[in-house]
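One structure is given below, encoded as structure tokens.
The values are calculated or read from the model by the stated rules, or taken from the named source; none is laboratory data. Treat the numbers as computed from the prediction; the structure is a model and nothing was measured. Cβ: placed from backbone, ideal geometry, glycine included. Neighbour counts: every protein chain shown.
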Amino acid sequence: MTETGGNEKFTLEMPKVGIIRGVQAKDIEVTGQKTVNLRVCARPYSNVYTSGQLRALKHVIETFGSGLVHLSPRHNLEIPEIAQNHVDSALKELYTAGLFPGGAGTSVRNIFTCPQWCTKALRQVRELGLMVSRNFADMDMPNKVTVSFAGCPNGCSRPETCDIGIIATDSSGGFSVLIGGKEGMNVRFAALLTECASEFEVIEIIDTVINNYRNKARLRPGSERKKERLAEVIDRLGLNEFMQKG
Amino acid sequence: MGPNGVIQSKVKGRVTLRVRSLKPHTSEMTALQLGVLADIADSYGSGMVHITPRQSVEIPHIDGSSVGEITALLERAGLAPGSSDNYLRNVIACSRWCLYNAAPLSTAAQKLNSMLQSLRLPAKTNISLSGCDFSCVRSRTSDIGVISRQEVYITGNKCKKCSLCLKPPLGCQVDAITLTDDGVSIDQHKCVRCGFCVNACPPGTIAGKRVSYDVLIGGKGGVNTPREAVYLTTADNEDELVATVGRLLDTYTRLARESERIGDIVNRAGLEAFIL
């Protein structure tokens, strides 16, 4: 925060990771300035939004946006059509409500954990999600990394097509860690890396995978800027060599 | 099977309500709808909501007896409980504001959702409509996935050799474009008709024409037996797409034994069973 001539001016101190270049939808007419889409998620990480956050969001989309919010598949909320000169004011309101831009670009995307009130959940994964989010969320990466936690093998949070998927397999403890999944143009289902007994081990494994990925990812063959996804690194090196330190 | 959208909880008498938007767009919420959800979460629930991966909103810890009251409140705002059990799950579509869209599909999703909102099927059925080949909404692991495709051609406009159509993020993903001194050329055999290059080309040398919709069936998530969807057919316009999806659901209902999902039928009877 800096002050200029008595009027408090808000300056952005957070990295602008969630600000996406946007185009206007074809059926909504907005004239004038260039607009951006803003992807926001709750920080500290939460798999729920409070009613206060919804009201803050409502105010922001009414004041600066087009009155619409898009629900994304990784429980982010996308606010479209915010004029570039309004971005800072919109962000200020969102920060106050505990909403931060994030979950975009080549970073660790918003963590996904299933809801704690599900009757099928073998055990709660929300705390794990919070821990992982504190350590790794929005961390800069060679390419996007999606991390999902599922409380049961039904996997509503789609751990099988995430770069790192964690599934609770046992109510007393016990998680399966899957890595190397991917969605999009070429689908890859994640392969089982290891079984873990405790939450601590899960965090350690995720730490190893993320560090190894950062160190070992190269540019995609034939590309000058795009780096490999986790699945491609594992294809190139093999699972054993990938997990070796270095 | 309980009423659509009402999910039993661990506590007796308490339920979780799954809510989806029916208008103006099923993949988005309006300011009014957000306000209504916040009010309901405060007065009937525990002041919080969960955003599900299928663009619906879960309001937990609701008293089972107040569901009727809440439904009336929701309907006034264009929202409705739904998308649970074997009822057709919320049809999802990707963002209309995305730069990669070959053709946005929110209107098709809205049509399907309002037409089929209380349709009961043999098992859980996911329909995902994706505006481009990246398929953020996971068309390739849904029971029915749709991907928009746009045919591209070279117009008379002079190429400025900016090479935006070659470089990521908006450039060609399959190396079908080559840039020479004479301008750009597109290898139609390599082209997957995603339409990225149309959005990327500033002088309009590359332009898009006919948009079509690829329909894929039989995908499935879940950790134990995930399955990738396979290509079935192509619809030429949005009305045809809606009709095709309707016919597919009819065929599925007719063919399914017990609680088979579309992928299981494809495994058992082959893709021919679904060819219309």
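Annotation: of all residues in the range B:261-276 being among the charged types (D, E, K, R) and crowded, with 17+ Cβ neighbours inside 10 Å, the one that is farthest from the chain's Cα centre (by Cα) is B:D264.
When A:R225, A:R214, A:R158 are checked against the criterion of being of a type in the set (K, R), surrounded by fewer than 16 Cβ atoms within 10 Å (Cβ to Cβ), in contact with a Pro (Cβ under 7 Å, 6 or more places away or on another chain) and within 11 Å of another protein chain (Cβ to nearest Cβ), a single residue qualifies: A:R225. None of B:V152, B:V198, B:V223, B:V211 is without any contact (Cβ under 8 Å) to a residue 12 or more places away in the chain and either more than 30 Å from A:A190 (Cα to Cα) or in contact with a helix residue (DSSP H, G or I) (Cβ under 6 Å, 6 or more places away or on another chain) (or both) except B:V223. On the stretch given as the range B:209-248, residues that are buried (at least 18 other Cβ atoms within 10 Å of the Cβ), more than 13 Å from every other protein chain (Cβ to nearest Cβ) and among the small types (G, A, S) total 2. Is it the case that A:G173 is modelled with pLDDT under 90, under 29 Å from A:K120 (Cβ atoms) and more than 11 Å from chain B (Cβ to nearest Cβ)? Spelling it out, A:G173 is indeed modelled with pLDDT under 90, under 29 Å from A:K120 (Cβ atoms) and more than 11 Å from chain B (Cβ to nearest Cβ).
Filtered by the rule that a residue be over 15 Å from A:R109 (Cα atoms) and surrounded by 23 or more Cβ atoms within 10 Å (Cβ to Cβ), the range A:181-201 gives a lone residue, A:A190.
When B:K161 is tested against (1) surrounded by 18 or more Cβ atoms within 10 Å (Cβ to Cβ); (2) out of contact with any Ser or Thr (no Cβ under 7 Å at 6 or more places or on another chain), exactly one condition is not met: (1). Checking each residue in the range B:1-39 for being more than 7 Å from chain A (Cβ to nearest Cβ), farther than 17 Å from B:R96 by Cα and not hydrophobic (A, V, I, L, M, F, W, C) picks out B:G2, B:P3, B:N4, B:G5, B:K12, B:G13, B:R14, B:R18, B:R20, B:Q33, B:D39. Selection of the range B:185-204 for residues being out of contact with any strand residue (DSSP E or B) (no Cβ under 6 Å at 6 or more places or on another chain) and of a type in the set (V, I, T) yields only B:V192.
Across the range A:236-246, the number of residues qualifying as in contact (Cβ under 8 Å) with a residue 24 or more places away in the chain and part of a helix (DSSP H, G or I) comes to 3.
The residue that is farthest from the other protein chains (Cβ to nearest Cβ), counting only those in the range A:178-194 that are in a loop (DSSP other than H, G, I, E, B) and either in contact with a Pro (Cβ under 6 Å, 6 or more places away or on another chain) or touching a residue at least 12 places away in the same chain (Cβ under 8 Å) (or both), is A:G180. Against the list (1) more than 8 Å from chain A (Cβ to nearest Cβ); (2) in a helix (DSSP H, G or I), the condition B:D42 fails is (1).
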